[in-house]
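S.K.: To start, I am sharing the structure in question, which I have written as structure tokens.
Read-outs throughout are calculated quantities, based only on the coordinates presented, and are distinct from any laboratory measurement. Just so it is clear, the structure is predicted and the values come from calculations on it, not from any experiment. Here the Cβ is made from the backbone with ideal geometry for all residues, glycine too, and neighbour counts use every protein chain on show.
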Amino acid sequence: MDRHDHIWVIQRPKTLTEDERGATLNPPRSLCCAPAPPVLEFDADGVLVRSWGGPGAGYEWPLNEHGIFVDHQDNTGSSTCATG
């Protein structure tokens, strides 16, 4: 929880099964579902404030997200597992 009472969650979208990401398959297996980005921020009421992360041009994203830290100035840092 940060100084604004926001909850930060880091999740591992690459660990989802094909059934859990059926809408993203080609062809789609179902109308639901697509993985959320790796980093999610929720306010005190549980409303999603923002989400971000994942591979992209110009930076390297870890293979296996593991943890997140938010400091007293709202800077975020994450860790990874070496196992990929």
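S.K.: For segment 1-79, run through the trypsin sites (Lys or Arg not before Pro) and keep only the ones in DSSP coil with at most 12 other Cβ atoms within 10 Å of their Cβ.
M.R.: Sites meeting the loop and neighbour criteria: Arg3.
S.K.: With a sphere of radius 12 Å drawn around the Cβ of Asp2, what net charge do the other residues whose Cβ falls strictly inside it have (Lys, Arg +1; Asp, Glu -1)?
M.R.: Summing Lys/Arg as +1 and Asp/Glu as -1 gives -4.
S.K.: Spelling out what I want: for every residue of segment 40-45, take phi, set θ = phi - 60°, compute 6.51 cos²θ - 1.76 cosθ + 1.60 (Karplus), and round to whole Hz; glycine and proline get x.
M.R.: 10, 10, 10, 7, 5, 8
S.K.: Write out the GluC sites (Glu not before Pro) in segment 1-82 meeting two conditions: DSSP loop, and at most 12 other Cβ atoms within 10 Å of their Cβ.
M.R.: Answer in residue order: Glu18, Glu60.
S.K.: Go through Asn75, Asn64, Leu40 and say which Cα lies farthest out towards the positive end of the charge dipole of the chain; charges sit on Cβ, +1 for Lys and Arg, -1 for Asp and Glu.
M.R.: Of the options given, the answer is Asn64.
S.K.: Roughly speaking, what is the stretch gain from Thr15 to Trp61, that is 0.36 nm per residue apart minus the C-alpha to C-alpha distance, in nm to one decimal? Provide the component values of the computation, followed by the final result.
M.R.: Working: separation 46, 0.36 × 46 = 16.56 nm, distance 1.50 nm.
Once the chain is fully extended between Thr15 and Trp61, it gains 15.1 nm.
S.K.: Counting Lys +1, Arg +1, Asp -1, Glu -1, what net charge surrounds Leu25 among other residues with beta carbon under 14 Å of its beta carbon?
M.R.: Once positives and negatives cancel, what remains is -1.
S.K.: Would you work out the relative contact order for the chain, in percent, from Cα pairs under 8 angstrom that are 6 or more residues apart?
M.R.: For the chain, the relative contact order is 27 percent.
S.K.: Given 0.36 nm per residue, what is the gain on full extension from Trp52 to Leu25 after removing their alpha carbon distance, in nm?
M.R.: 7.6 nm
S.K.: Could you calculate the contour length gain from Thr80 to Cys33, that is, 0.36 nm times the residue separation minus the distance between their Cα atoms, to one decimal place in nm?
M.R.: Answer, rounded to one decimal: 14.4 nm.
S.K.: With N set to the residue count of the chain, report its C-alpha Rg divided by 2.2 N^0.38 Å to two decimal places.
M.R.: So the chain has a normalised radius of gyration of 1.23.
S.K.: Moving to a separate point now. Once you list every other residue whose beta carbon is under 14 Å from the beta carbon of Gly53, what net charge do they have if Lys and Arg are +1 and Asp and Glu are -1?
M.R.: 0
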